[in-house]
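Asker: One structure follows; several queries about it will come next.
The values are calculated or read from the model by the stated rules, or taken from the named source; none is laboratory data. Because the structure is predicted, anything quoted here is derived from the model rather than measured. A quick note on method: Cβ atoms are made from the backbone with ideal geometry, for glycine too, and the neighbour counts reach across all protein chains shown. Calculation scope for accessible area: heavy atoms of the full protein, side chains included, ligands and nucleic acids excluded. Shrake-Rupley method; radii C 1.70, N 1.55, O 1.52, S 1.80 Å.
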Amino acid sequence: METFDALMGGFAAALQPQILIYGFIGCLLGTLVGVLPGIGPALTIALLLPLTYKVPAAAMFVMFAGVYYGAMYGGSTTSILINTPGESATVVTALEGYKMARRGRAGPALATAAIGSFVAGTIGTLALTFFAPWIVEAALRFGPAEYFSLMVLSLVAVTAVLGSSVLRGLISLCMGLLFGLVGVDLQSGQPRFTFGTAELLDGIEFTAAAVGLFAVGEALYLAWQGRQSQSEVLKVSGRLWLGKEDWRRSWKPWLRGALFGFPIGAMPAGGAELPTLLSYYTEKKLSRHPEEFGQGAIEGVAGPEAANNASAAGVLMPLLTLGIPTSATAAVILSAFEGYGLQPGPMLFTSESGLVWTLIASLYIGNVILLLLNLPLVGLWVKLLSIPAPLLYAGIVLISTVGVYGASNSVFDVGLLYAFGALGYAMRRFDFPVAPLVVGLILGPMMEQSMRQALTISQGQWSTFVTRPLSGSLLLIAALLLALPPLFAWRRQRAAARQAVQDQPA
């Protein structure tokens, strides 16, 4: 009952005209960046970070949520019409959606993607609403040792998941932790790694770092890749809605996709790519028309699109309740919380309950807004694909510069922006994940404080981190996340080598 009352209070705040306008803008921007290939929600939210200095927290996070959900919606448009996923989570959608469009069924493909996204997004938000308080209640029992272990798990999870190599992820994480040490030591009052620069006494400015890494770095990387050949944009012809047979073949995949998306998105090693793949292969196995897969099966669009939108609600679960980001977008949102002086986690539901429940209520409203926006504006989204790439990249760099300088009126912060932009470009160029660096920069100082408090309470006994059951369990999970992927890779290599030996002629 308390959850329901809190949610109703959230709706009362989210339905205020000012909050609704920010939510609408977020949904519109999110759909736009989802449509444009290469421009994702992490980059867009990073561009908007300077607004945290001017806009109230509730309105800002409602807009961020709209961007995140909208990007999941919008990515399906390019997957279906030009076979170019706007987001990594919509790669699977392109397998069947583009084939449907080539057969003159782009309308039903876009419709099942939009409705499936609405259904699964609502189911995921319902799960977030009623499961989050349980997790918070358990997490409120954490002490400093448990918080330290939880942050270690968060760092390891984002390192193991975001990137093709655990080693590269760890290098990125260590850079972030090193940058997090810059500034005045809160225990001794001594400056660390400031090199006599007064602007660094308060630490590295999160906004400049995040915008540089995600926005400027991404723009430089996309520009370095060069203009790629334009794909043929298929016209949306024929019926734009679902027929009776399409409804019958879509509603079960929508529900199954939601059941895949939310729990996997909520896991420390979750994300949106895995549930979309699982949904696609499940629908292929269960379909009464398996021969259509690869030729334009509507189930292959309905299930994965539902899964990726449910996973977006799942990603917000560990971020809000435990402070664990499981995607690059969540890492940028985490830096926004830091900008407002807020720490996501169980105490957020106590100290800023109004903000949290306004955000959750806005997810329901955003789902409705996106359903109303998506199909009527398909023609507009397609026209956006004709924007020249150089203008797009130059606009990103210009908006980043103006935003960071306007927020702080500091030339030093602009220098930081370009320094981190160059670093972000180099990391993408050599396949180093950026999110672990941002998470290390944000969580590093908090982890250090928790570690020192735990050691003070235990009188310097390091064993406190493993002898306390919950803390030890979290560290064990972190160790398994680091150890299991290389072990599985080694076993696959061994199996492949044995198979190669057996296949050799005698």
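Asker: From the residues in segment 273-323 that are in contact (Cβ under 8 Å) with a residue 40 or more places away in the chain and of a type in the set (V, I, T), which one is nearest to T350 (Cα to Cα)?
Answerer: By that ranking, first place goes to T321.
Asker: Can you tell me which residue among G303, G257 is modelled with pLDDT of 80 or more and touching a Pro at 6+ places or on another chain (Cβ under 6 Å)?
Answerer: After ruling out the rest, the residue left standing is G303.
Asker: Pairs please, first residue from segment 400-428 and in contact (Cβ under 8 Å) with a residue 40 or more places away in the chain and over 13 Å from E205 (Cβ atoms), second anywhere and part of a helix (DSSP H, G or I) and aromatic (F, W, Y), Cβ atoms under 8 Å, 6+ apart in sequence or on different chains.
Answerer: Correct list of pairs: G424/F214; G424/Y221; Y425/Y221; Y425/W224; R428/Y221.
Asker: Then there is this: Collect the residues in segment 324-341 that are more than 25 Å from S408 (Cα to Cα) and polar (S, T, N, Q), keeping them in residue-number order.
Answerer: Hits for segment 324-341 are T326, S327.
Asker: Any idea which residue in segment 147-188 is modelled with the lowest pLDDT, counting only those that are of a type in the set (S, T, N, Q) and within 22 Å of G472 (Cβ to Cβ)?
Answerer: Going through the qualifying residues, I end up with T159.
Asker: In the list M72, M63, which residue meets the criterion of being part of a helix (DSSP H, G or I) and free of Cβ contacts under 8 Å to residues at least 60 places away in the same chain?
Answerer: After applying the criteria, what remains is M63.
Asker: For segment 394-506, which fully contained helices (runs of 4 or more DSSP H) count at least 2 residues that are of a type in the set (S, T, Y) and open to solvent by 30 Å² or more (accessible area, probe 1.4 Å)? So that I can check it myself, show each step before the final result.
Answerer: Values: elements: 411-429, 435-457, 464-467, 469-503.
Those helices (runs of 4 or more DSSP H) span 411-429.
Asker: Separate question: Do we find that W247 is in contact with a helix residue (DSSP H, G or I) (Cβ under 8 Å, 6 or more places away or on another chain), open to solvent by 60 Å² or more (accessible area, probe 1.4 Å) and modelled with pLDDT of 70 or more in this structure?
Answerer: It is false that W247 is in contact with a helix residue (DSSP H, G or I) (Cβ under 8 Å, 6 or more places away or on another chain), open to solvent by 60 Å² or more (accessible area, probe 1.4 Å) and modelled with pLDDT of 70 or more.
Asker: Considering only segment 175-195, how many residues are under 18 Å from T326 (Cα atoms) and either part of a loop (DSSP other than H, G, I, E, B) or of a type in the set (A, V, I, L, M, F, W, C) (or both)?
Answerer: 1
Asker: P191 passes all but one of (1) at pLDDT below 85; (2) open to solvent by 20 Å² or more (accessible area, probe 1.4 Å); (3) more than 22 Å from the chain's Cα centre (by Cα); (4) not acidic (D, E); which number fails?
Answerer: Among (1) at pLDDT below 85; (2) open to solvent by 20 Å² or more (accessible area, probe 1.4 Å); (3) more than 22 Å from the chain's Cα centre (by Cα); (4) not acidic (D, E), the lone unmet condition for P191 is (1).
Asker: Of everything in segment 322-364, what is open to solvent by 30 Å² or more (accessible area, probe 1.4 Å) and of a type in the set (V, I, T)? Give them in sequence order.
Answerer: Residue satisfying the conditions is T350 alone.
Asker: Starting from residues that are closer than 15 Å to A42 by Cα and aromatic (F, W, Y), keep the ones in segment 194-220 and report whichever is surrounded by the most Cβ atoms within 10 Å (Cβ to Cβ).
Answerer: That would be F214.
Asker: Identify, from the list L213, L222, the residue that is assigned to a helix (DSSP H, G or I) and modelled with pLDDT of 85 or more.
Answerer: When all the criteria are applied, what remains is L213.
Asker: Within segment 1-34, which residues are out of contact with any helix residue (DSSP H, G or I) (no Cβ under 8 Å at 6 or more places or on another chain), among the aliphatic types (A, V, I, L, M) and not in a helix (DSSP H, G or I)?
Answerer: M1, the sole residue that qualifies.
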